[in-house]
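J.: I have a structure I would like to understand better, so I am pasting it below and will then ask my questions one at a time.
Since every read-out is calculated from the coordinates, none of them should be taken as a lab result. Being a predicted model, the structure only gives us computed values, none of them experimental. Backbone-built Cβ (ideal geometry, glycine too); neighbour counts: all protein chains shown.
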Amino acid sequence: MRLRRTAALLLLTLLAATGCGSAVTPAAAPPPASTAASPATPAPSSGASDRPSDATSMICNPYFRQELAGALGTDITQPLAPTWEKRVYSCAYHYPDGSMTLSVKELPDAATALAQYDGLRGSAGPVTDLNGLGEAAYKRADGTTVVRKDSFVLTVDVAKLPETFGTPPRSRADVAVMTATTVMICWQEHSS
């Protein structure tokens, strides 16, 4: 039964993310993001960059928001307000009955990202590994999902969502995994 639920969740995510790469354009990027064309791959960030990469900024752009609204069956009630601080790009998705925060920490290289991920994992308490998501992923007891991919660490924090959320209703842990999978699919589409 669990395998069927996971397969159905992945199928829904794949359907929701179709076309991710085609609509992320300079006009769709949020204000602090780059005005350059989307990258071929989520490239490692340079230490000198004063703005997030295009791949990172995707988590808060209007097109991704629409894709996520379609996947979750509900849309946000407040505009996204991205922030870029200490190489962490984030935005809160506010819904009528809760919120979730997406964030990406950009690290200088994959080894530093691995160390960051391992540190977060070590301080997270009991976790469940998620196979096949990024290069490594886990979910915390509250459902929050953390994914490492190249020099990025993505966090989908769902602690402020109700236990079940969306239309149709899903556990907040499933919402986090679906959201993280959608980000990974979008990043993959940009690397093609």
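J.: Between beta-carbons, use under 13 Å as the cut-off and find the net charge around A71, counting Lys and Arg +1, Asp and Glu -1.
T.: Working: positive: R65, R170; negative: E67, D75, D174.
That works out to -1.
J.: If a paramagnetic tag sat 7 Å from the Cα of D109 along the Cα-Cβ line, which residues of region 66-88 would have the backbone N under 19 Å from that point?
T.: Those under the cut-off are none; the list is empty.
J.: Below 14 angstrom from the Cβ of R51, what's the summed charge of the other residues (Lys, Arg +1; Asp, Glu -1)? Each step should come with its number before you reach the end.
T.: On the way: positive: K86, R87; negative: D50, D54, E85, E106.
Result for the local shell: -2.
J.: Now for a separate question. Please give me the summed charge of the neighbours of D129: other residues whose Cβ is under 10 Å from its Cβ, Lys and Arg +1, Asp and Glu -1. Please report the intermediate quantities before stating the final value.
T.: Numbers: positive: R121, K139; negative: none.
Result for the local shell: +2.
J.: Give the long-range amide H neighbours of A136: residues separated by 5 or more places, or on another chain, with amide H under 5 Å away, using H modelled in the peptide plane at 1.01 Å from N.
T.: Excluding prolines and chain starts, which carry no amide H, the hits are R148.
J.: Which lysines have a Cα less than 24 Å from the Cα of K160, not counting those fewer than 8 places away in the same chain?
T.: K86, K105, K139
J.: Mind listing the phi-derived Karplus ³J(HN,Hα) values for region 121-127, rounded to whole Hz, using 6.51, -1.76 and 1.60 with θ = phi - 60°, and x for any glycine or proline?
T.: In residue order, the calculated couplings are 5, x, 9, 8, x, x, 10 Hz.
J.: Take E163 and A141, extend 7 Å from each Cα along the Cα→Cβ direction, and tell me the distance between the two endpoints in nm.
T.: Output for this residue pair reads 1.5 nm.
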